[in-house]
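Report on the structure given below.
Values in this text are rule-based calculations from the coordinates and carry no lab data. Fair warning: this is a prediction, and the values are worked out from it, not measured in the lab. Because the Cβ atoms are built from the backbone with ideal geometry, glycine has one as well, and the counts that use them run over all protein chains shown.
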Amino acid sequence: MGRRSLYDLLEGRANIDAVLALKLGKLVGSTPEFWMNLQRTYDLAIAREKLGADLDAIPTLTAA
């Protein structure tokens with residue numbers, strides 16, 4: 001992993017993709033799944049915040 005990639009990630013200008021997850025996992029002795037899950041959790045939190053009340057306005061379909 002290059003220095004620029006790490007700085008971009010730390011400054012919020014880059015997301016963790018599969019390649020970066022593999023590299024981070026190797027670097028710190030964790031799994032790539034850990035890093036991908038962190039990114040997914042972050043992405044969902046941002047999307048929920050962005051959608052806000054619009055998300056609540058979408059009805060949930062139920063079986064009749």
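Observations
- Output for segment 22-39, where each listed residue is more than 11 Å from the chain's Cα centre (by Cα) and hydrophobic (A, V, I, L, M, F, W, C): L22, L24, L27, V28
- When Y7, Y42 are checked against the criterion of being over 11 Å from the mean Cα position of the chain (by Cα) and among the aromatic types (F, W, Y), a single residue qualifies: Y7.
- The listed residue being in a helix (DSSP H, G or I), at negative phi and surrounded by fewer than 11 Cβ atoms within 10 Å (Cβ to Cβ), out of A47, A21, A64: A47
- Filtered by the rule that a residue be touching a Phe, Trp or Tyr at 6+ places or on another chain (Cβ under 7 Å) and of a type in the set (A, V, I, L, M), segment 22-43 gives a lone residue, L24.
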